[in-house]
Amino acid sequence: QVQLVESGGDLVQPGGSLRLSCAASGTIFSIYAMDWYRQAPGKQRELVATITSGGSTNYADSVKGRFTISRDNAKNTLYLQMDSLKPEDTAVYSCHQRGVGVGMPDYWGQGTQITLSS
């Protein structure tokens, strides 16, 4: 019943910007810490950014200063603002809702493709 749907992926030039959205339904969105991950073909999934229910954020070193994670609890939506995009940012980006405790489930969106054309 929990559904996370990403949108905003596109083909973009290096140096460009995109904003990804993750729309959550079937959940009390405001309770949960949320993450953005990315995975390039043939590579391990990488944690890009995190945000707690209270708004505290953390970023991978590779995106720090370029990406901004945010949330709008009134709209049940998670965002990832991506600026100064680089070819190495090419990946499928997925949002993730953490469980709140032991035995509680977490959830994933299906992902959205970001492709840098250089």
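The values are calculated or read from the model by the stated rules, or taken from the named source; none is laboratory data. Only a predicted model underlies this, so the values are computations on that prediction, with no experimental measurement involved. Cβ: placed from backbone, ideal geometry, glycine included. Neighbour counts: every protein chain shown. All accessible areas refer to the heavy atoms of the entire protein, side chains included, with ligands and DNA or RNA removed. Shrake-Rupley method; radii C 1.70, N 1.55, O 1.52, S 1.80 Å.
What the table shows:
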quantity: Residue match in segment 18-28 (condition: in contact with a strand residue (DSSP E or B) (Cβ under 7 Å, 6 or more places away or on another chain), farther than 15 Å from Tyr107 by Cβ, part of a loop (DSSP other than H, G, I, E, B) and not polar (S, T, N, Q)); calculated: no
quantity: Given (1) within 30 Å of Gln1 (Cβ to Cβ); (2) modelled with pLDDT under 95; (3) touching a strand residue (DSSP E or B) at 6+ places or on another chain (Cβ under 7 Å), index of the condition Gly99 fails; calculated: (3)
quantity: In segment 58-77, residue least open to solvent (accessible area, probe 1.4 Å) [restricted to those that are farther than 15 Å from Cys22 by Cβ and in a strand (DSSP E or B)]; calculated: Tyr59
quantity: Count - residues of segment 18-34 that are touching a residue at least 60 places away in the same chain (Cβ under 8 Å), farther than 11 Å from Gln97 by Cα and either of a type in the set (Ser, Thr, Tyr) or open to solvent by less than 30 Å² (accessible area, probe 1.4 Å) (or both); calculated: 2
quantity: Segment 1-17 - residue that is assigned to a strand (DSSP E or B) and open to solvent by 30 Å² or more (accessible area, probe 1.4 Å) and, of those, farthest from Ile114 (Cα to Cα); calculated: Gln3
